[in-house]
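The values are calculated or read from the model by the stated rules, or taken from the named source; none is laboratory data. Everything numeric in this text was worked out from a predicted model, so none of it was measured. Neighbour counts run over all protein chains shown; Cβ positions are idealised from the backbone, glycine included.
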Amino acid sequence: MSGYRLGLIGAGNMAEAIARSAVEAGVLEAGQIVASDPSAERLSVFEAMGVAVTQENRRVVGESEQVMLAIKPQVLEAIAGDLSGLSSDQVLISIMAGLGTAKIAAVIGKPVRVVRVMPNTPVMVGKGMAGVCVGADTQAGDEDLAVRLFESGGEVVRVDESLMDAVTAVSGSGPAYLFYLAEAMIEAAGAVGIDADAERLVRQTIYGSAELLVRSDESAGELRRRVTSPGGTTAAAIERLEASEVRAAVVRAIQAARDRGRELGA
Ligand SMILES: NC(=O)C1=CN([C@@H]2O[C@H](COP(=O)(O)OP(=O)(O)OC[C@H]3O[C@@H](n4cnc5c(N)ncnc54)[C@H](OP(=O)(O)O)[C@@H]3O)[C@@H](O)[C@H]2O)C=CC1
Ligand SMILES: O=C(O)[C@@H]1CCC=N1
C-alpha cells in the first residue's frame, strides 16, 4: 500500500469541502490524499489542490490507509467490486445518507471496519455539524481520523447508529431548510416592494440570527419571544405562521427526510 492517508471515492461537493477543510486545518497534507471520480472536470479541482487523482476506484482502495465513500448511496452497488480489495487493516468512512454500516459491509460482501459520518454543507465554511458512529467490526480508535477531519470543519457529535437517519434529517439536510426559508423571505421582500436590497437584508438577518442563537444562552423560543412585541409586527407574522401550521409542517418534513434515509438503507 502506498502512503496516502485518505482516499476519496467520489470527488463531488462534499468530498471537496472535506478535503479543503482537512488541508486548511493541517489535519492532512494535500499530498496525503487521493481522489477518484469518473469526471475529469471534478478531478481537476482536486488536482489544483495538490491532491492525487485517478478515475480508478480500485487504485484508491489499493493505495490508501482509510477510504471515504463520498458517492451517492445509489452508486454503492455499482462500485462494490472496486471495494472488495479493502483489507482488514483499512478503515472505510462513509458519508452516504441512509446506508448503515452493516448494509455497506453486506454490499461489499465481507466484514469491513466502517465508520459512518453524516456531515453537512456548512463544513465548506468551517461551521459544519457532523454525526459519527461506528460499525460492529471496527476497532477502538477507528473513528479518530474521521473525527479529526470533521472537527477541522466544524463540530462532531457521536451518536448511536440507530439515530443516524434522524441526524441526517435534522442536521445533514438541515441547511436546505434554512436556505428554503431564505428563498421564501427574499421572495416575500420582493412582494412587499423591496427590490435591490432583498438578498442583503435576508442574508445578513439569517447570519446575524444564527450567530445570536449560537452565542446566546437563551433558547430559540426565548430569542424569538424577545423579537415579538405584544400586538406588534412580529406577532402578526408569527400568528400567520402558526395558523398555517408551519411548525407542524417542519416536523413532518424532518420525519419524511428520516423515513427517506431508512428507505435508502433498506
Ligand atoms: N450534499 C450534502 O449536503 C450532503 C451529502 N451527503 C452525502 O454525501 C454523498 C455525496 O454527496 P454530494 O457530494 O452532495 O454529491 P456529488 O454528486 O457532488 O458527489 C458525488 C460524486 O461521486 C461521483 N461518482 C459517481 N459515480 C461514481 C463512481 N462509480 N465512482 C466514483 N465516483 C463516482 C459523482 O460523479 P458524477 O456527478 O459524474 O456522477 C460525483 O462527482 C452522498 O452520499 C450524500 O448522501 C452527506 C451529507 C450532506
Ligand atoms: O439529500 C441528501 O440525501 C443528502 C444527505 C443529507 C444532505 N443531503
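Going residue by residue through segment 78-93, is there one that turns out to be within 16 Å of ligand 2 (Cβ to nearest atom) and either under 21 Å from D259 (Cα atoms) or assigned by TED's automatic domain parsing to the domain that holds V34 (or both)?
yes
Results for (1) touching a residue at least 24 places away in the same chain (Cβ under 8 Å); (2) more than 16 Å from ligand 2 (Cβ to nearest atom); (3) under 26 Å from G128 (Cβ atoms), shown as yes or no for each residue.
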site	(1), (2), (3)
A176	no, no, yes
A196	no, yes, no
R203	no, yes, yes
I206	yes, yes, yes
A237	no, yes, no
V246	no, yes, no
A257	yes, no, yes
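Within segment 146-166, which residues are in contact with a helix residue (DSSP H, G or I) (Cβ under 9 Å, 6 or more places away or on another chain), part of a helix (DSSP H, G or I) and closer than 24 Å to A253 by Cα?
Within segment 146-166, E161, M164, D165, A166 qualify.
Check off (1) in contact with a helix residue (DSSP H, G or I) (Cβ under 9 Å, 6 or more places away or on another chain); (2) modelled with pLDDT of 95 or more; (3) among the aliphatic types (A, V, I, L, M) for A136 and give me the number that stays unchecked.
Of the numbered conditions (1) in contact with a helix residue (DSSP H, G or I) (Cβ under 9 Å, 6 or more places away or on another chain); (2) modelled with pLDDT of 95 or more; (3) among the aliphatic types (A, V, I, L, M), the odd one out for A136 is (2).
Which one of the conditions (1) within 18 Å of I18 (Cβ to Cβ); (2) surrounded by fewer than 22 Cβ atoms within 10 Å (Cβ to Cβ) does Q55 fail to meet, given that it meets all the rest?
Evaluating Q55 over (1) within 18 Å of I18 (Cβ to Cβ); (2) surrounded by fewer than 22 Cβ atoms within 10 Å (Cβ to Cβ) leaves (1) as the failure.
Please name all residue pairs, on different chains or six or more residues apart, with Cβ atoms under 7 Å, provided the first residue is in segment 132-155 and is closer than 17 Å to A105 by Cβ and the second residue is assigned to a helix (DSSP H, G or I) and among the charged types (D, E, K, R).
Taking only residues 6 or more apart or on different chains, the pairs are C133/E161.
Select from segment 99-114 the residues that are within 16 Å of ligand 2 (Cβ to nearest atom) and either surrounded by fewer than 21 Cβ atoms within 10 Å (Cβ to Cβ) or polar (S, T, N, Q) (or both) and list them in ascending order.
Answer for segment 99-114, where residues must be within 16 Å of ligand 2 (Cβ to nearest atom) and either surrounded by fewer than 21 Cβ atoms within 10 Å (Cβ to Cβ) or polar (S, T, N, Q) (or both): just K103.
Which condition number does N13 fail, the rest of (1) free of Cβ contacts under 8 Å to residues at least 24 places away in the same chain; (2) within 19 Å of G172 (Cα to Cα); (3) polar (S, T, N, Q) being met?
Unmet for N13, out of (1) free of Cβ contacts under 8 Å to residues at least 24 places away in the same chain; (2) within 19 Å of G172 (Cα to Cα); (3) polar (S, T, N, Q): (1).
Can we say A169 is without any contact (Cβ under 8 Å) to a residue 24 or more places away in the chain and out of contact with any Gly (no Cβ under 6 Å at 6 or more places or on another chain)?
Taking the combined requirement at face value, the residue does not satisfy it.
Which residues, counting only those in segment 1-37, are among the basic types (K, R), buried (at least 19 other Cβ atoms within 10 Å of the Cβ) and closer than 23 Å to S87 by Cα?
Result: no residue meets the conditions.
A146: at pLDDT 95 or above, away from ligand 2 (no atom under 16 Å from the Cβ) and within 14 Å of the chain's Cα centre (by Cα), yes or no?
Considered against the rule, which asks whether it is at pLDDT 95 or above, away from ligand 2 (no atom under 16 Å from the Cβ) and within 14 Å of the chain's Cα centre (by Cα), A146 comes out as yes.
Which one is surrounded by the most Cβ atoms within 10 Å (Cβ to Cβ), of the residues in segment 115-125 that are within 12 Å of ligand 2 (Cβ to nearest atom) and not in a loop (DSSP other than H, G, I, E, B)?
Filtering first and then ranking leaves M118.
So which residues in segment 156-210 are acidic (D, E) and loosely packed, with under 15 Cβ neighbours inside 10 Å, if there are any at all?
Answer for segment 156-210, where residues must be acidic (D, E) and loosely packed, with under 15 Cβ neighbours inside 10 Å: D160, E183, E187, D195, D197, E199.
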